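To start, the structure under review is shown below, and the notes come after it.
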Amino acid sequence: MEKFLLRNIDNPNSSDIKEYIKAGGYKNLSRAVGMGQDDVMEEINKSGLRGRGGAGFPTAMKWKFAKADPKFPKYLICNADEGEPGTFKDRPILEKNPHLLIEGMVISGYVLGAEFGYIYLRGEYPAARDILDAAIAQAYKDNFLGDNILGKGIKFHLSVHQGAGAYICGEETALIESIEGKKGQPRTKPPFPVNVGAWDMPTIVNNVETLSNLPLLIEIGGEAYAKIGSEECPGPKLFCVSGHVENPGVYELPMGISLKDIIYEHCGGIKDNAKLKAVIPGGISTPVLPADSIDCAMDFVAMPKAGSMLGSGAVIVMDESVCMVKVTYRALRFFEHESCGKCVPCREGTDWLRKILERIEHGKGRKGDIELLSDVAGVMYGRTFCPLGDGAAGVVLAMIKHFRNEFEEHINTKKCKY
Amino acid sequence: MFNEAVIKEIDEIRVKYPDRKSALLPALYIAQREFGWLSNEAMSCVSETLNLPEAFVRGTASFYSMFRHKEVGRHLIQLCTNVSCMILGAERLIDFLNTKYGIQKNGTSEDGRFSLVEMECIGACGTAPAMLVDTDFYEDLTEENIVGILEQYK
């Protein structure tokens with residue numbers, strides 16, 4: 001497939017506006033303005049574009065809700081808080097193709113009637129911060145940002161807001177709290193951010209990759225876009241593959257491609273010809289799949305049927321040398337650390353699960369611990385304030401479902417053999 | 001109190017937001033840069049400059065793991081040990097740094113040269129294990145190459 005999101009990134013100066021324009025950049029902004037807001041909206045609707053952050057919410061629907069709200073100003077926020085462990089798909093856009101994102105955001109701002117945009121960038125990407133700041137300055141200079149964009153009176157201002165190491169700020173209401181200078185704790189929904197978001201105004205929060213799809217969508221039109229990838233979730237998708245594969249990295253492939261093909265066709269198979277044990281298909285919060293269950297279509301609709309989720313498209317490949325109890329324990333250390341403390345099931349549940357997993361991994365597991373893990377995770381599931389707690393519980397439940405024997409072995413032999 | 005140049009820098013950030021509270025995270029980053037860490041004095045300066053209650057400033061500052069609440073060494077090593085890095089040997093690197101430089105996890109070496117923070121995913125999973133030293137990314141780390149990298153930081 002021809003690359004779009006990763007087009008031109010092998011050019012060492014790809015983040016420079018001159019190179020971006022030379023490769024056809026910012027033409028789609030002019031085209032979108034020529035079409036008018038309603039026609040662009042219709043193309044997005046036809047395209048079937050879904051949000052790439054993890055939830056897969058239809059973009060056109062989110063935008064319609066925000067457009068329908070009569071309050072102004074409206075805000076557009078790009079979620080660049082790429083914190084889901086295993087995920088590094090947005091980093092090449094942020095560091096190598098920042099003008100693609102900026103063009104996508106100006107188009108979005110124009111369609112939505114939003115005159116102010118923010119890129120909420122995770123604190124762990126200091127290089128991206130400098131690159132984005134420089135790219136934004138270039139875009140202002142060339143009149144792609146400011147009060148009179150393209151000389152057509154379009155106003156859109158953009159700046160970077162840097163996070164400070166809180167995974168929960170990837171959740172959109174926590175992100176908004178964080179932009180407002182507060183602790184990043186999720187808000188009660190409804191009201192949804194499209195009506196009451198940043199500074200209580202209608203706010204659209206979209207992922208880096210989602211917004212970066214806008215120029216392509218304008219270039220080829222909604223109908224052609226809808227023909228890429230799977231029918232229910234069209235478009236190109238960035239998959240970031242890590243762990244035990246020959247060629248880890250970020251791959252731009254059609255949505256709906258088989259997980260097996262990603263690993264064996266595109267990433268060169270398992271490293272050193274080892275035997276595959278398991279794959280976490282969409283970042284650490286998505287349920288693990290055992291080696292015999294990876295012939296599944298990677299999209300938002302098919303993956304739940306296969307027992308997991310697409311998440312952020314972060315594929316973590318593990319060979320037979322990996323201890324699944326240890327992976328579960330490490331995952332729960334992460335969730336405990338990142339739980340914002342707002343709701344009891346998550347705050348207490350992640351701590352409790354981590355403690356049980358720690359003792360099992362360290363050879364101090366007790367009879368009944370597996371049942372206790374299932375019980376605690378089962379009580380958490382569906383009862384936490386935001387998806388962080390569900391993710392933590394789901395990870396434990398899936399690991400026990402597929403690798404119960406490893407948990408039993410740790411408890412019975414009082415050690416980890418790995 | 002901050003010097004005039006810093007106050008001007010914060011004022012320039014304030015205009016990007018509709019209210020002054022929203023400039024708190026950027027202002028805390030600036031305070032951390034100026035003081036090396038968020039001491040009581042640093043947070044008081046932020047509170048005064050943005051005219052926000054100290055309790056609010058401390059509440060926010062304590063929530064985020066990249067704001068530091070104790071003094072750190074001259075160079076900050078932020079090494080990821082989350083799953084993708086862990087299965088490719090990140091924990092061995094933590095042990096190695098302890099043996100070689102005497103840095104404990106989340107501690108500082110005796111000579112004040114390095115502090116080590118264990119990170120939760122820094123987005124370099126395809127080139128794991130990985131770390132940030134100050135603001136520089138280093139990837140595909142081994143016990144052999146990590147020594148050469150750290151030699152550049154005196």
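Points worth noting:
- Accessible-area rank, largest first, for B:T127, A:T188, B:T60: A:T188, B:T127, B:T60, with all protein chains present and a 1.4 angstrom probe.
- Average other protein chain Cβ within 10 Å of Cβ, residues A:117-127: 4
- Lysines with Cα under 18 Å of A:K182, excluding same-chain neighbours fewer than 8 positions away: A:K342, B:K16, B:K21
- Per-bin percent of Cα-Cα distances, region A:44-129 [10 Å]: 15, 45, 33, 7
- Directionally averaged projected area (convex hull, Cα atoms, region A:27-81), nm²: 4.8 nm²
- Rg to Rh, two decimals, where region A:324-413 supplies the alpha carbon set and Rh follows Kirkwood: 0.95
- Our coupling estimate for region A:318-326, obtained by passing each phi through the Karplus curve with A = 6.51, B = -1.76, C = 1.60 and θ = phi - 60°, is 10, 8, 5, 7, 8, 8, 6, 5, 5 Hz, Gly and Pro reported as x.
- If the chain linking A:K141 and A:K415 were pulled fully straight, counting 0.36 nm for each residue of separation and taking away their Cα-Cα distance, it would gain 92.4 nm.
- Computed from the Kirkwood radius of its Cα pairs, the Stokes-Einstein diffusion coefficient for region A:142-210 at 37 °C and 0.692 mPa s stands at 242 µm²/s.
- Amide proton proximity set for A:I119, modelled H, under 5 Å, gap of 5+: A:C78, A:S159, A:V160, A:H161
- Antiparallel DSSP beta bridges within chain A, percent to nearest 5: 45 percent
- Spin-label model, A:L150 to A:E2: label points 7 Å out along the Cα-to-beta-carbon direction sit 2.1 nm apart.
- Kirkwood-Stokes translational diffusion coefficient of region A:172-228, alpha-carbon pairs, 25 °C, 0.890 mPa s, µm²/s: 188 µm²/s
- Stokes-Einstein translational diffusion, region A:17-226 - Kirkwood Rh over all Cα pairs, 1.002 mPa s, 20 °C, in µm²/s: 127 µm²/s
- 0 to 90° range, to nearest 10: angle between helix A:98-112 axis and chain A longest Cα axis: 70 degrees
- For region B:1-134, the Rg and Dmax computed from alpha carbons only, in angstrom: 17.3, 50
- Note on A:K417: lysines with a C-alpha under 26 Å away, same-chain residues under 8 apart excluded, are A:K271, A:K275, A:K277, A:K326, A:K355, A:K364, A:K367, A:K401, B:K105.
- Comparing the full protein assembly with the isolated chain (1.4 Å probe, heavy atoms, ligands and nucleic acids excluded), the residues of region A:143-169 losing at least 40 square angstrom of accessible area are A:H161, A:Q162, A:A164.
- Remark: accessible surface ordering of A:E265, A:E43 (largest first) is A:E265, A:E43, probe radius 1.4 Å.
- Based on Cα atoms of region A:228-345, Rg over Rh with Rh as the Kirkwood radius reads 1.00.
- Inter-site label distance for A:A274 and B:A5 at 7 Å from Cα along Cβ, in nm: 5.0 nm
- Antiparallel %, DSSP beta bridges [both residues in chain B], to 5: 55 percent
- Computed [θ] at 222 nm, deg cm²/dmol, chain A (DSSP H ≥ 4; -39,500 (n - 2.57); rounded to nearest 500): -12500 deg cm²/dmol
- Summarising the label geometry, the points placed 7 Å from Cα in the beta-carbon direction at A:N45 and B:H69 lie 5.1 nm from one another.
- Integer Hz, Karplus 6.51/-1.76/1.60 couplings in order for region A:145-160, x for Gly and Pro: 9, x, 9, 8, 5, 6, x, 10, x, 7, 10, 8, 10, 9, 8, 9
- Exposure of B:R58 as accessible area (Å², to 10), given a probe of 1.4 Å and all protein chains: 80 Å²
- Applying a DSSP loop filter and a limit of 14 other Cβ atoms within 10 Å to the trypsin sites (Lys or Arg not before Pro) in region A:37-140 leaves A:K71.
- Rg/Rh for the protein assembly as shown (Cα atoms only, Rh after Kirkwood) is 0.96.
- Largest to smallest accessible area among A:F300, A:F57, A:F239, A:F116 [probe 1.4 Å]: A:F57, A:F116, A:F300, A:F239
- Hits among aspartates and glutamates - C-alpha to C-alpha of B:K154 under 14 Å, sequence gap 8 or more where chains match: B:E110, B:D111, B:D134
- For chain A, the residue among A:P254, A:I176, A:P98 whose Cα projects farthest onto the positive side of the dipole built from Cβ charges is A:I176.
- In terms of its Cα atoms, region B:75-151 spans 33, 23, 22 Å along the principal axes, sorted from long to short.
- Based on DSSP H segments of at least four residues, each scored -39500 (n - 2.57), chain B has a per-residue ellipticity at 222 nm of -13000 deg cm²/dmol.
- Backbone HN-Hα couplings from phi across region B:101-112 [Karplus 6.51/-1.76/1.60, Hz, Gly and Pro as x]: 10, x, 9, 7, 4, 6, x, 10, 5, 4, 7, x
The values are calculated or read from the model by the stated rules, or taken from the named source; none is laboratory data. Since the structure is predicted, the reported quantities are computational estimates derived from the model, not experimental observations. Here the Cβ is made from the backbone with ideal geometry for all residues, glycine too, and neighbour counts use every protein chain on show. Calculation scope for accessible area: heavy atoms of the full protein, side chains included, ligands and nucleic acids excluded. Shrake-Rupley method; radii C 1.70, N 1.55, O 1.52, S 1.80 Å.
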